[in-house]
4 protein chains.
Amino acid sequence: MGHLSQKEYEDALEPLLHELSDAARWIQETKQRLVVVFEGRDTAGKGGSIDMIARTLNPRQCHVIALPSPSERERDQWYFQRYVEHLPAKGEISLFDRSWYNRAGVEAVMGFCTSQQVTAFLKSVPDFEQQLVDDGIYLYKYWLCCDQEQQEERFADRLNNPLRRWKLSPIDIKARALYDAYTEARERMLAATDAPHAPWTLVDFNDQRLGRLTLLRDLLDRLPDTKLPSENIPWPKLGHDPIKERYGVMKPIPAYRWHDKND
Amino acid sequence: MGHLSQKEYEDALEPLLHELSDAARWIQETKQRLVVVFEGRDTAGKGGSIDMIARTLNPRQCHVIALPSPSERERDQWYFQRYVEHLPAKGEISLFDRSWYNRAGVEAVMGFCTSQQVTAFLKSVPDFEQQLVDDGIYLYKYWLCCDQEQQEERFADRLNNPLRRWKLSPIDIKARALYDAYTEARERMLAATDAPHAPWTLVDFNDQRLGRLTLLRDLLDRLPDTKLPSENIPWPKLGHDPIKERYGVMKPIPAYRWHDKND
Amino acid sequence: MGHLSQKEYEDALEPLLHELSDAARWIQETKQRLVVVFEGRDTAGKGGSIDMIARTLNPRQCHVIALPSPSERERDQWYFQRYVEHLPAKGEISLFDRSWYNRAGVEAVMGFCTSQQVTAFLKSVPDFEQQLVDDGIYLYKYWLCCDQEQQEERFADRLNNPLRRWKLSPIDIKARALYDAYTEARERMLAATDAPHAPWTLVDFNDQRLGRLTLLRDLLDRLPDTKLPSENIPWPKLGHDPIKERYGVMKPIPAYRWHDKND
Amino acid sequence: MGHLSQKEYEDALEPLLHELSDAARWIQETKQRLVVVFEGRDTAGKGGSIDMIARTLNPRQCHVIALPSPSERERDQWYFQRYVEHLPAKGEISLFDRSWYNRAGVEAVMGFCTSQQVTAFLKSVPDFEQQLVDDGIYLYKYWLCCDQEQQEERFADRLNNPLRRWKLSPIDIKARALYDAYTEARERMLAATDAPHAPWTLVDFNDQRLGRLTLLRDLLDRLPDTKLPSENIPWPKLGHDPIKERYGVMKPIPAYRWHDKND
């Protein structure tokens, strides 16, 4: 079976987005809080998955959190401190593009922290997450998988497509040689931090479109019934002919003559 | 002449995005700062234009700023204070989805501030912007125009499409009756705040795709020559067969059976 | 036995401040983190105790945290979120002038939260504090006691002394009628949250000077041995006659003629 | 004439503090904003002056701003950006312990910035301050003077008194050799940035107590008439005997036996 075409993907996605939109309205109106953690292989498709969700929702409600490397001072703080700042308020959704699990992933594999720190992290994270869930937060964690063959193809695309070149970081080159180490780090992390109150879900992203559909379907299934009666927005007639723009101080610039380029 | 098709738009956009990508690299490497202000008619297409730019660039470099209504405390501060916080550092781009010009637009028209405050704002803004430009910031301001007929069509789409319903705010209903008042407020604002160091550009967004191309072409033309020699990223061979994912603690969930739905 | 005189207090305090200063240097050089929570009866002397400590130390190292009432958005967040932001980085000291224990004190007694919220708070706080202590933070909690007779005298002083009037809040009037309710809330809080890793200490502040000495002595005794070899700062001779101020653009204003007032 | 004694100082200060307290109430009730900039020679007495004011006022109203060295990112921003963040809201007072004038002082003298940056700063600061004053902020700037003889004595005190040792920074040693360079930098700054809307005042701090009185008297004289009718806070009788503390879960610790030390 081949990959989904763009058309197949869009047709399959449409009804899921409607469900997602309903869920967001339920979160807002019943004042829930949702945290979704996106982790996974480099190039697996975290960004695209987050985009699929975030583009459908009101950015005032749904926040994407992609923190840079910690500052000197943040490195000296409680490890979770800089993430806590971005937890959702009631009615909000926080999508973490990488998260506190950096410590068990990239930091562990690349040696950016000590193995004692990794061990301490893995021990403390279930309690930390328990606190959030006890406070009423819904917390779901996804790890996006892909084979190295796919990863290599996607790295090559980033290398060769100037529009995507910025996605390629020096760390990526090193990560290629550490595919197995990442696998081992993931397994250790799953063993220590998969819990009923904050479950991990692995999703196969060798086909990114299919992966996104699978992830979104799973996320929607995990939320409670989110059906609410549909909104009724009163919308009066305009009552006069629609008005045209009129210009005094300056006029719009001439339109871009795109067709000239194709003559 | 009819509207651009999606295909025409994408073909025309592609080379512009490459220029944009080059410009962003120039901003980063030569440590420039770029501020682009997006204002305009409701539904004109600010969000889509910002998205066109932001999706092409590294979110670490290019920040979209869409501030909520000011808090009680912010209302009591220097008017520009909460915007200043989001000015770009060297190498960065700040795209303002609405901006300090709220005071001359929605706040003025809806009566959220006094007319003295509007007058004081219009008097102070050229000096404020001069400060930024003197400090080396590139500052360009776009106002997106559309006739009320288009606006009504787009409001209707938001009303009827649940996926876009969140874009419809109670203020929109009131704004429909104030189309002319917005025009007048815009003209007054242009007269007071168009300046060589911080120019306004009006772009016709009755055709949104064409509007986006026109805006981006104009923005690129305003930047200095941004050509830099192309990057050379060393990319060694993998040196072994690509590795496959292997799973211990848990396995990926089954793929979403999208095709079942279409049988 | 009467109250300590100012002179007796200062003589007794001096050596303790030297120990405190040593402890702060130890915290800085060995990269410890210290959190001290100050709770207690209104007027008991939290502010004065914190001042005694903070004035001795470098404000870059020792931070006083006295948060205002939570904003609307903060009320909708994880309860601990706004406090976490102020936890110390390595080498730092955070003195909390009131703290997360507001929920078990003023909020519980005044009805600013539900009794379910109090119960949930008391259940969650030991785990929250365990997380911090497991991360290496030293955490000590003080509750300052005083009889209502003293409290009334101090309220009267605030009422009659314009320099201290700002310390009197509308809540204080109501708190007078709730002296017993505060006692009960304190006892419940102590029973639920006194723990070896984050102990509570009650200090009698009927004599505020004696209370401060007692608190500081206790705090110093709880810290590990903080002796470090003394610093040696090389301090060369000036090598020339000391220079006098000289003025060009403007001169200092004339000195305030305080003596005229007393003639 | 010798230095003021502590007793003389306190007697002379008392009525000024009452005026200050009145002024603060006026600021709060009439929703003014006050910025006071404290600059001056190292050891001149900025900290003590700020303390004199801040200790009298409600810390919720009166904020002391003593920013650390700029972070890497702050260094890449608009120079005023990190200071703007701390401007007062209506009803508030901001006391800047050093300020944006660092660029014309320590940064210029120590070579932490280029001479072009100093020149650009001196050119831009009057416009920046005009913006604030036009917005209704009261802005006063004090430069505290002292001869090198006094400075040397105070450095020696910091060197020899462990309680004040933290006030001694490595930069201080270097600053001693640059007394004259600081004078020249000050004169250039005064010439460029003293303005009717944002005046500089030089105060002689060779006698620190007298300097503080002089500064405070001047500040109070610059504010408009701040008299308001006195507040009337209703304060009902308690209506029962005052209640004594009673203890269940634990008792207060024994009082510190300070007298034993003196036997």
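The values are calculated or read from the model by the stated rules, or taken from the named source; none is laboratory data. The shown structure was predicted, so the numbers you read here are calculated from the model rather than taken from an experiment. Quick reminder, even Gly has a Cβ in these numbers, built from the backbone with ideal geometry, and neighbours come from all protein chains shown.
A few comments on the model shown:
- Positions within segment C:47-70 being within 14 Å of chain A (Cβ to nearest Cβ) and more than 15 Å from the chain's Cα centre (by Cα), in sequence order: C:R60, C:P70
- Test: residue in segment C:212-228 that is facing chain D (nearest Cβ under 9 Å) and either free of Cβ contacts under 8 Å to residues at least 40 places away in the same chain or acidic (D, E) (or both): yes
- Residues of segment A:135-192 classified as surrounded by fewer than 19 Cβ atoms within 10 Å (Cβ to Cβ), among the small types (G, A, S) and touching a residue at least 24 places away in the same chain (Cβ under 8 Å), total: 3
- Matching option when the condition is surrounded by 17 or more Cβ atoms within 10 Å (Cβ to Cβ), within 14 Å of chain B (Cβ to nearest Cβ) and under 25 Å from B:L34 (Cα atoms), among D:R73, D:R103, D:R33: D:R103
- Any hit, segment B:88-100, residues being part of a helix (DSSP H, G or I), over 20 Å from D:Q77 (Cβ atoms) and of a type outside the set (D, E): no
- Residues that are under 30 Å from A:Y9 (Cα atoms), in contact with a helix residue (DSSP H, G or I) (Cβ under 6 Å, 6 or more places away or on another chain) and small (G, A, S) within segment A:169-205 comprise just one, A:A198.
- Tabulated pairs, segment A:236-263, first facing chain B (nearest Cβ under 7 Å), second modelled with pLDDT of 90 or more and assigned to a loop (DSSP other than H, G, I, E, B), C-beta under 6 angstrom, 6+ apart or interchain: A:K244/B:D147; A:E245/B:D147
- Segment B:1-30 residues that are farther than 20 Å from A:A255 by Cα, paired with ones that are of a type in the set (V, I, T) (beta carbon under 7 Å, 6 or more apart): B:S21/B:T56; B:D22/B:T226; B:A23/B:T226; B:A24/B:I93; B:W26/B:T226; B:I27/B:I93
- Residue in segment C:125-136 that is among the acidic types (D, E) and touching a strand residue (DSSP E or B) at 6+ places or on another chain (Cβ under 6 Å) present: yes
- Taken over segment A:47-57, residues that are in a loop (DSSP other than H, G, I, E, B) and surrounded by 16 or more Cβ atoms within 10 Å (Cβ to Cβ) amount to 2.
- Which numbered condition A:E129 misses (of (1) more than 7 Å from every other protein chain (Cβ to nearest Cβ); (2) in contact with a Phe, Trp or Tyr (Cβ under 6 Å, 6 or more places away or on another chain)): (2)
- Residue list for segment D:31-44, filter: touching a strand residue (DSSP E or B) at 6+ places or on another chain (Cβ under 7 Å) and either in a helix (DSSP H, G or I) or closer than 25 Å to C:R164 by Cβ (or both): D:Q32, D:R33, D:L34, D:V36, D:F38
- A single member of D:A120, D:A23, D:A44 is surrounded by fewer than 21 Cβ atoms within 10 Å (Cβ to Cβ) and among the small types (G, A, S), and it is D:A120.
- Residue under evaluation A:L139, criteria (1) within 22 Å of the chain's Cα centre (by Cα); (2) of a type outside the set (F, W, Y); (3) in a helix (DSSP H, G or I); (4) within 30 Å of C:V118 (Cα to Cα), criterion not met: (3)
- Number of positions in segment B:11-30 that are out of contact with any helix residue (DSSP H, G or I) (no Cβ under 9 Å at 6 or more places or on another chain), more than 11 Å from chain A (Cβ to nearest Cβ) and in a helix (DSSP H, G or I): 3
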